[in-house]
Amino acid sequence: MEEIQVIHSWSAPRSLSTSLMYSFAQRDDTEVLDEPLYANFLQVTGAERPYREEVLSTMDSDGNKVVKDVIFGPGEKRYRFCKHMAKQRVPGLADDLMKNGKHFILIRSPLDILPSFEKVVPPSFLELGLAGLVSIYSELCELGKAPPIIDAADLQKDPEAVLRGLCEDLDIPFQESMLKWEAGPKPVDGVWAPWWYKNVHKSTCFTPAREYPLPLPSSLYDLLEQSLPFYNMLRRKTRRISSITGPPLPTPSLPVPANEKILVWVAGEIVPRDSAKVSVFDSVIQGGDAVWEGLRVYNGKVFKLDKHLDRLFDSAKALAFTNVPTRTEIKGAIYKTLNSNGMFENTHIRLTLTRGKKVTSGMSPAFNLYGCTLIVLAEWKPPIYDNTGGITLVTATTRRNSPNNLDSKIHHNNLLNNILAKVEGNLAKADDAIMLDKDGYVSETNATNIFLVKKGRVATPHADYCLPGITRATVMELVVKENLVLEERRLSLSEFHTADEVWTTGTMGELTPVSCHDRRSRYWGRRSWTSDSAGTNCIQKSDRRTRGAYTHVL
């Protein structure tokens, strides 16, 4: 006789686990067991159930004996499907239970479970079982047997696709018979069926979920809040994730794969990337009401940190933020985040300060009674441009903000006009886009400040319609120090078209030569830069200064 292969299904109550058991029972090569460890659970925990005595009198309560003789005992068919509840994984069970057989996990949102849970037993964190499922998932991963996870919502939406995927993951053939069964009680049902299985006995297949959920009793709100993080953690591991608007998008690859497992500071806590979220009541969501800075780390030091923080505080003051964290508190959050990630080089920080969470949705800052929200997002990020070969620019039709509307000296999060310009650049297949002011003079690119050189004179636009960048100021200081002529004035588009050299400055991309602007090539690759070129000299010295001028040591 061929050795039977055991398939362990781990779930929580009211998660379609019985329907899934009926599905596997339709296979011609599978026998099923309905919660074979239930009696052991009742014996060990002393849990009260209306059917407790009946279970203990009809089932073996010796868990290890059940594992050996029932779960892994001889059988007549090729596969044995064992339906388990997570809470039945109690201490004292033999390691064989987890080490042997094939395992998978079935989850369901607690928002769908809780409204009808207490029909049999009072709801509790233990009874809901999601923490137990996370523990089982972690244990199996440690054993090198990361289990497939399926969500009841996906199963209800597309049973055949999910079952085919599950069978593929379990390395067993899919059978069409798994999609239907006869209504009514089944011989495989446990003695608890009259209490739990009334609805599933009416079914003959996986039925679609109700269109709208049942109201959640307010008494269960805290339990929902406790349970959702465990569900969401498992949900992210599912093979298939449904979408309200259509098929799920494929998981994108990250520009720097190491950033998949970064830690982020959000509102006083360091949390994993996927948990780094702000409230829907936060001002940055309600109205883009926030300020930010970009920082770079070189050799364990943050470049021009105090200058960036000066600008952050000026921006917050201009927007009348209250309860702003202190400079010491913000520095502490930055250093803790960098140290937690081990980031001391090739690191960019997006530092965001929002007006904070509101007590109710609305535009008025009078609703902001919780204080500001600080976010420190540090990523492994080399300079984003080609700082050797240069970048291409195109002139955008989208104009920079006028101080009449929104002063660009405030480093705010309302960046839609920059984004629209970047869209134009993307459509033109350029690296970035030059933005003009309301009178048609060059202001900056969608992401950086800009300089030109003409006959040995260095020029940059006034910072009236653009952000006066920290790197921009550093370059201007170096130009003066090197006894080069610096002009800060209105610059027309044609001056950039006819310039000897053009380059951009910014924390994210550092100092970047422009090789082509509006399809006018600068022919960077056709001649070598020389030290008597004012722009080249400035860029070379600025690059050295950027990498050597640090204001703070971690």
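The values are calculated or read from the model by the stated rules, or taken from the named source; none is laboratory data. What you see is a predicted model; the values in this text were computed from it and never measured. Cβ atoms come from the backbone with ideal geometry, glycine included; neighbour counts cover every protein chain shown. Quick note on the areas: whole protein, heavy atoms, side chains included, nothing else; ligands and nucleic acids left out. Shrake-Rupley method; radii C 1.70, N 1.55, O 1.52, S 1.80 Å.
General observations
- Residue within segment 501-509 that is closer than 24 Å to Gly389 by Cα, modelled with pLDDT under 95 and touching a His at 6+ places or on another chain (Cβ under 9 Å) present: yes
- Cβ pairs under 7 Å, 6+ apart, first in segment 182-197 and assigned by the TED database to the domain that holds Arg52 and modelled with pLDDT of 95 or more, second open to solvent by 50 Å² or more (accessible area, probe 1.4 Å) and of a type in the set (Lys, Arg): Ala183/Lys202
- Entry remark, segment 178-195: residues being in a helix (DSSP H, G or I) and open to solvent by less than 50 Å² (accessible area, probe 1.4 Å) number 3 in total.
- Single residue of segment 145-162 satisfying the filter (open to solvent by 30 Å² or more (accessible area, probe 1.4 Å) and under 16 Å from Ile7 (Cβ atoms)) that is farthest from the chain's Cα centre (by Cα): Lys145
- Ile136 meets all of the listed conditions (1) over 27 Å from the mean Cα position of the chain (by Cα); (2) surrounded by 13 or more Cβ atoms within 10 Å (Cβ to Cβ) but one, namely (1).
- Any hit, segment 443-459, residues being without any contact (Cβ under 8 Å) to a residue 60 or more places away in the chain, open to solvent by less than 10 Å² (accessible area, probe 1.4 Å) and more than 40 Å from the chain's Cα centre (by Cα): yes
- Qualifying residue in segment 462-478 (condition: small (Gly, Ala, Ser), assigned by the TED database to the domain that holds Ile434, within 22 Å of Val394 (Cβ to Cβ) and not in a strand (DSSP E or B)): yes
- Any hit, segment 59-75, residues being in contact with a strand residue (DSSP E or B) (Cβ under 8 Å, 6 or more places away or on another chain), buried (at least 19 other Cβ atoms within 10 Å of the Cβ) and closer than 22 Å to Leu166 by Cα: yes
- The number of residues in segment 111-148 being at pLDDT 90 or above and in a loop (DSSP other than H, G, I, E, B) comes to 7.
- Checked against the criterion of being at pLDDT 95 or above, under 35 Å from the mean Cα position of the chain (by Cα) and not acidic (Asp, Glu), the candidates Ser15, Ser23 yield just one match: Ser23.
- Some residue of segment 48-71 being within 40 Å of the chain's Cα centre (by Cα) and outside any helix (DSSP H, G or I): no
- Residue under evaluation Lys409, criteria (1) in contact with a Pro (Cβ under 9 Å, 6 or more places away or on another chain); (2) surrounded by 18 or more Cβ atoms within 10 Å (Cβ to Cβ); (3) under 28 Å from Phe321 (Cα atoms), criterion not met: (2)
- Considering only residues in segment 351-369 that are outside any strand (DSSP E or B) and in contact (Cβ under 8 Å) with a residue 24 or more places away in the chain, the one that is most open to solvent (accessible area, probe 1.4 Å) turns out to be Met363.
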